[in-house]
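The values are calculated or read from the model by the stated rules, or taken from the named source; none is laboratory data. Since this is a predicted model, take the numbers as computed values, not measurements. With ideal geometry, Cβ positions are generated from the backbone for all residues, glycine too; neighbour counts draw on all protein chains shown.
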Amino acid sequence: MPRERFLKQSLGAQFANIKNARILVVGAGGIGCELLKNLVCTGFGEIHVVDLDTIDLSNLNRQFLFRHAHIKKSKALVAREAASKFNPNVKIEAHHANIKDPQFNVDWFRSFVIVFNALDNLDARRHVNRMCLAADVPLIESGTTGFNGQVQPIRKRLTECYDCAPKETPKSFPVCTIRSTPSQPIHCIVWAKSYLFNELFGISEDQASDLDHTSDENNKEEIAELKKEAAALKEIRASMGSTEFPQKVFDKVFTQDIKRLLGMEDMWKMRKPPTALDFETVNAEAANVDRQTLADDQKDWSLAENFAVFADSLIRLSDRLDKLRAAQETGNAPPILTFDKDDRDTLDFVAAAANLRSITFGIETKSEFDIKQMAGNIIPAIATTNATTAALCVLQAFKIMRGDWAKAKMVFLTKSTERVINKESLRPPRPDCGVCATAYARLVINTEKTTLESFVKDVLVKKLGYNQDEVEVSNNAGVWYDPDMAMDDNDNLEKTLSEINIVNDSTVIIRGEGDEGERVNLELSISNMELDPSAAAATSESFTLVPDLQTIPKKTPAVTATTTDSAPSNGHNLPTRTTAKRSADEAELDNDQTAKRGKVAEEKKDVTVVEDDGAIMIDDD
Amino acid sequence: MSTNDINMLSNGDTMDQLNGALDTHDAAAETVAAIAQAQAMSADEIALYDRQIRLWGVQAQERMRSANILLISVKALGTEIAKNLILNGIGSLTIVDSEQVTEDDLGAQYFVREEDVGRNRAEAASERLQELNPRVAVRTDSSNILTKDQTYYAPFQLVIACDQNLETMATINAACRLANRPFYASGIHGFYGFIFADLIVHDYIIERETSNMPATIKQETATRSIVGVTTKKQNGKNIETVTKREIYSPLLLANTSPLPDDIIRNRRKMRSVTPLLPCMRALWDFERDVHRLPAQNSKEDLTVFTGMATNKLKELQMPIESLTAEFLRSFLHNIGSEIVPTAAFVGGRLAEDVINVLGKREQPIQNFVMFDGENFDGPIYPLQTFLQPNGLGSVPQVQLTGLEEVQMQNGHANGLPINNAISSAPADGQNSIQGGDVETIAIE
């Protein structure tokens, strides 16, 4: 077939395997669309694609399988339609669903020869990583940010898994920084989005994920004052809809609260004190504001312009909440509004309120365009980076499918003057990884006499330190003990090991579901020990572990970010690396070592780490 | 371009704004207003390009939006380049391709279908390319590019030639030089590909916080210099705006240029120079001499090609062991093949460079990228020979006049090409095959 001529020429005998391959693409967004095109055109026989998202206008600059007419439709389904046309010989199955849904279980994952991650969030990436480890299927993980992109092939027991390297967690801010002593635009944006907006239109601030309450104890008095402030704001909320409402809100947060803070003189010894705003003055100035400039989200609004947007959006939001109340049936919970970066009313309010607060604290203001990015965690994304990254994913797949793991690499796009891609050899799994590490040991035990109960209690809990409520015991015959089966309901406990097929020369898998500090997963080879009364008397234990337990590592934290990870070595941290700043002048850095040192130190100050929806990740050193 | 943008006004927000601004139905006034409207980006347009504007800013987007690009040949590689440029919102794309869609195209040219076989390739592909973004004017030209003189190239801000032989690339490059237009050439062979850039003289701007070593006007490398520095205070930080300039060689000179000194003098760097470079040069020689690509199963072609590649290796002063039998075999197997992942990488990287060049930001490719998708290699080599009046190669010195410096600082730099001369003859007589050097390499 002429369609296959070049594939046969370049791929040779491997092409036959590709034609029969059943593969999974998780995500049909920026990388996903490009991946599907590449995979369909290289003739992969059956491609499944999963995505729960729908198409948005801002996707169309890079997700090239989608058109304007597809906005609001399922990404997975539209992508299947569009990509099918590239090659009639390929079968595509689309799932408009969440990859974490139970239907996508380990057996389902096991039915693919390779899985591609084309995701935009940490949580789903981790989930697929675990599923691929459990199913023992190779995973090609990828990510992009701006001009940066990277690809990481993952194989159980052979390479690092996605969680072997620590991942940066979303950044949160101490309550007092947000409510009393902001010093950066982001503090004012979080205040507007997570405090003011929620107190007026949503649910109370305490539920906001970007507020850190850990140091509340040390600031008891201030926290108590802040609680009073919030309570007063709730009273003002009751007057919503009245003509005085905007002034009441303004007076409260930009005049009274600021004056109260000013009264706390200790607070301003080392900091620049805020300046309270006056409603009448600003209101009078705002009368002359040109409405046209308010539509320009690139512009830096003046005080009066911010005020005009603030007052206007406050009324718009009040009206909406009013209409929701009127429409709702009695007896239900009162309606609320939630912040959405694409909802103009909520964005206007948050942008204007944040800037007004910045002005009172002498912090630089931001354009609405920039605030949208910071409040909505928008990642800059372009067509070319997705195209080149997805291309590298498929080139990796060719190597993995023919078992040539030596040629599979960790690959990064780079803006160096010397090369367009950087590569690193894949690293072996981290022996203490909380997700993929498995230790191997031999257990010599009497399988005829030892019951499962004593195996769990004496060997696993007492000797090895697993948590009785979080450990799972399984072998090729099934799961015999797991945390969800309470001790009392487990009929197997009375059985001896040999009765549940744990016999000489068999293997038992011990999987701890607990957190760091616990031992990694364990594969125990069993040797039956004939009971010899004299031997048993000689030792206190009726079993022997070879080698001894010191060699079985404990899990290390896989979640918390470490500061050393942004080191220039490029480590092994996917989200950190995708967001590693490649300044526009890296070209010069290549030639100027002195400047480089200066620059590396500066990099940590940058405020752009963005990943995942719903959480702000900012380095605020 | 204007036709397309005016059409665009017939729907959506833009039309509403336009109606509000117009009191009469005077056709002339309407056209004037429409053009004015078309010059500033609409809110709808900013929303569409939101994620990329966040990367390069509105100004760069507006520069791209007013750019007319010429793309020569639209097979697998050309399709990827066209797709990316159209998605990113350039002003217009003109695709020149005099060939018909063949059955071979169906594998990797994913914007043509079986029913298109026999149609002009540019016309068939442009229909689906246009659907990617109605704001971009996609035009086609089915004539032979070799019939064009430099006046043809003048209306374009930038020219890209795909999958051409060296002679054709050099002819287009020469015409672009005469019209003072930046030129890219690119090609793929299975897992392998290359990108070449001749931007003549290209200025670009870098804005950054001033470090403890503020930028000064100086020569940075053989080809790059800093030609302007301005500083400003912004939010309490010192921001410097640095204008850099890259100077280029035309393809024929680049193709016979040695590796840069810093590589030749470094044994480790020399050992890691990709064998793809001599192989690409040898392939161009083969095409020039034999007027076709080496045949897959011809022992004679293999012998000739191997000899040529070995010569190129020696010319480049690369160690003989750089070119292994395994690499040569793999390269030869891939000659003439088009696969989508390679097209996507090479075309994607080239389009990224084009976008940044139009936006006058980021370091551009200087001047050869060699892509090896089998080994994940993508080195960039500055292969340069600068002609002086006496014919000796040397590095040009930057000498700024006061006026030029002001222009740089205003971001309107438009340096004159320092040298339009192109030598069309091979650099010396050493390109001929030297039979004695041919290694025997078994090809399966």
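Among what's in segment A:51-78 and is buried (at least 23 other Cβ atoms within 10 Å of the Cβ) and under 16 Å from A:E93 (Cα atoms), pick the residue that is farthest from the other protein chains (Cβ to nearest Cβ).
It comes out as A:A76.
Scan segment B:369-382 residue by residue and report those that are among the hydrophobic types (A, V, I, L, M, F, W, C) and either surrounded by 22 or more Cβ atoms within 10 Å (Cβ to Cβ) or on the phi > 0 side of the Ramachandran plot (or both).
Across segment B:369-382, the qualifying residues are B:V369, B:M370, B:F371, B:F376.
Return the residues of segment B:195-221 that are of a type in the set (A, V, I, L, M, F, W, C) and either modelled with pLDDT of 90 or more or at positive phi (or both); say none if nothing qualifies.
B:I195, B:F196, B:A197, B:L199, B:I200, B:V201, B:I205, B:I206, B:A215, B:I217, listed by residue number.
With in contact with a strand residue (DSSP E or B) (Cβ under 8 Å, 6 or more places away or on another chain), over 30 Å from B:G236 (Cα atoms) and not β-branched (V, I, T) as the only criterion, which of A:A390, A:A381, A:A333, A:A326 stands out?
That would be A:A390, the only listed residue that is in contact with a strand residue (DSSP E or B) (Cβ under 8 Å, 6 or more places away or on another chain), over 30 Å from B:G236 (Cα atoms) and not β-branched (V, I, T).
Of (1) part of a helix (DSSP H, G or I); (2) free of Cβ contacts under 8 Å to residues at least 24 places away in the same chain; (3) more than 10 Å from every other protein chain (Cβ to nearest Cβ); (4) not β-branched (V, I, T), B:A82 satisfies all except one. Which?
B:A82 satisfies all of (1) part of a helix (DSSP H, G or I); (2) free of Cβ contacts under 8 Å to residues at least 24 places away in the same chain; (3) more than 10 Å from every other protein chain (Cβ to nearest Cβ); (4) not β-branched (V, I, T) except (2).
Within segment B:320-329, track down each residue that is buried (at least 20 other Cβ atoms within 10 Å of the Cβ) and within 21 Å of B:R292 (Cα to Cα).
B:L328 - this is the single residue of segment B:320-329 that is buried (at least 20 other Cβ atoms within 10 Å of the Cβ) and within 21 Å of B:R292 (Cα to Cα).
Please specify each residue of segment B:317-352 satisfying the condition of being within 14 Å of chain A (Cβ to nearest Cβ) and outside any helix (DSSP H, G or I).
Within segment B:317-352, B:I335, B:G336, B:S337, B:E338, B:I339 qualify.
Is it the case that segment B:110-132 has a residue that's crowded, with 21+ Cβ neighbours inside 10 Å and either over 19 Å from B:L77 (Cβ atoms) or at pLDDT below 95 (or both)?
So far as segment B:110-132 goes, no, none of its residues is crowded, with 21+ Cβ neighbours inside 10 Å and either over 19 Å from B:L77 (Cβ atoms) or at pLDDT below 95 (or both).
Got at least one residue in segment A:214-222 being surrounded by 12 or more Cβ atoms within 10 Å (Cβ to Cβ) and at pLDDT 80 or above?
Yes, segment A:214-222 contains a residue that is surrounded by 12 or more Cβ atoms within 10 Å (Cβ to Cβ) and at pLDDT 80 or above.
It is to be established whether one or more residues within segment B:277-286 are touching a Phe, Trp or Tyr at 6+ places or on another chain (Cβ under 6 Å), more than 13 Å from chain A (Cβ to nearest Cβ), under 28 Å from B:L332 (Cβ atoms) and not in a helix (DSSP H, G or I).
No: segment B:277-286 contains no residue that is touching a Phe, Trp or Tyr at 6+ places or on another chain (Cβ under 6 Å), more than 13 Å from chain A (Cβ to nearest Cβ), under 28 Å from B:L332 (Cβ atoms) and not in a helix (DSSP H, G or I).
Is it the case that B:L132 is within 21 Å of the chain's Cα centre (by Cα) and either at positive phi or not polar (S, T, N, Q) (or both)?
no
Tell me, which residue of segment A:405-419 that is free of Cβ contacts under 8 Å to residues at least 24 places away in the same chain and at the interface with chain B (Cβ under 10 Å from one of its Cβ atoms) is nearest to B:V273 (Cα to Cα)?
Taking segment A:405-419 as the starting set, the residues that turn out to be free of Cβ contacts under 8 Å to residues at least 24 places away in the same chain are A:406-407, A:419.
Add one more test, that the residue is at the interface with chain B (Cβ under 10 Å from one of its Cβ atoms), and what stays is A:407, A:419.
Working: A:K407: 18, A:R419: 11 Å.
Taking the candidates together, the pick is A:R419.
Filter segment A:422-451 for residues that are touching an Asp or Glu at 6+ places or on another chain (Cβ under 7 Å) and in a strand (DSSP E or B); which is farthest from the other protein chains (Cβ to nearest Cβ)?
Among residues in segment A:422-451 that are touching an Asp or Glu at 6+ places or on another chain (Cβ under 7 Å) and in a strand (DSSP E or B), the one farthest from the other protein chains (Cβ to nearest Cβ) is A:T451.
Within 12 Å of chain A (Cβ to nearest Cβ), outside any strand (DSSP E or B) and in contact with a strand residue (DSSP E or B) (Cβ under 7 Å, 6 or more places away or on another chain), is that true of B:T216?
Values: within 12 Å of chain A (Cβ to nearest Cβ): yes; outside any strand (DSSP E or B): yes; in contact with a strand residue (DSSP E or B) (Cβ under 7 Å, 6 or more places away or on another chain): yes.
Criteria met by B:T216.
Do we find that B:D163 is away from chain A (no Cβ under 14 Å), in contact with a helix residue (DSSP H, G or I) (Cβ under 9 Å, 6 or more places away or on another chain) and modelled with pLDDT of 95 or more in this structure?
The answer is no for B:D163.
What's the number of the only condition in (1) at pLDDT 85 or above; (2) farther than 23 Å from A:A224 by Cβ; (3) out of contact with any helix residue (DSSP H, G or I) (no Cβ under 7 Å at 6 or more places or on another chain) that A:D290 fails to meet?
All conditions pass for A:D290, except number (1).
Just a yes or no: is a residue in segment A:156-164 crowded, with 21+ Cβ neighbours inside 10 Å and of a type in the set (S, T, Y)?
Yes, some residue in segment A:156-164 is crowded, with 21+ Cβ neighbours inside 10 Å and of a type in the set (S, T, Y).
With (1) in a helix (DSSP H, G or I); (2) over 30 Å from B:P182 (Cβ atoms); (3) within 14 Å of chain A (Cβ to nearest Cβ); (4) of a type in the set (D, E, K, R) as the list, and B:K314 as the residue in question, which single condition is left unmet?
Exception for B:K314: condition (3).
Kindly evaluate A:L395 against the criterion of being within 9 Å of another protein chain (Cβ to nearest Cβ) and either under 20 Å from A:T507 (Cα atoms) or free of Cβ contacts under 8 Å to residues at least 12 places away in the same chain (or both).
Considered against the rule, which asks whether it is within 9 Å of another protein chain (Cβ to nearest Cβ) and either under 20 Å from A:T507 (Cα atoms) or free of Cβ contacts under 8 Å to residues at least 12 places away in the same chain (or both), A:L395 comes out as yes.
Taking B:T241 as the residue in question, decide whether it is under 30 Å from A:S358 (Cα atoms) and within 12 Å of chain A (Cβ to nearest Cβ).
Criteria met by B:T241.
Within segment A:342-369, track down each residue that is within 30 Å of A:Q63 (Cβ to Cβ), over 22 Å from the mean Cα position of the chain (by Cα) and within 14 Å of chain B (Cβ to nearest Cβ).
A:D343, A:R344, A:L347, A:D348, A:K366, A:S367, A:E368, A:F369
Answer yes or no: is there a residue in segment A:280-290 that is over 18 Å from A:L196 (Cβ atoms) and buried (at least 17 other Cβ atoms within 10 Å of the Cβ).
Step one: of segment A:280-290, the residues over 18 Å from A:L196 (Cβ atoms) are A:280-281, A:283-290.
Applying the additional criterion that residues be buried (at least 17 other Cβ atoms within 10 Å of the Cβ) yields A:286, A:289.
Yes, the conditions are met somewhere in segment A:280-290.
I'd like to verify a number: residues in segment B:48-79 that are within 17 Å of the chain's Cα centre (by Cα), outside any helix (DSSP H, G or I) and of a type in the set (G, A, S), how many?
Residues in segment B:48-79 being within 17 Å of the chain's Cα centre (by Cα), outside any helix (DSSP H, G or I) and of a type in the set (G, A, S): 2 in total.
Sort out which residues of segment B:207-224 are farther than 29 Å from B:F376 by Cα and buried (at least 21 other Cβ atoms within 10 Å of the Cβ), and write them in order of number.
B:A215
In segment B:135-184, which residues are more than 15 Å from the chain's Cα centre (by Cα), in a strand (DSSP E or B) and either under 19 Å from B:K75 (Cβ atoms) or free of Cβ contacts under 8 Å to residues at least 24 places away in the same chain (or both)?
Listed by number, the residues that qualify are B:V138, B:R139, B:T140, B:D141.
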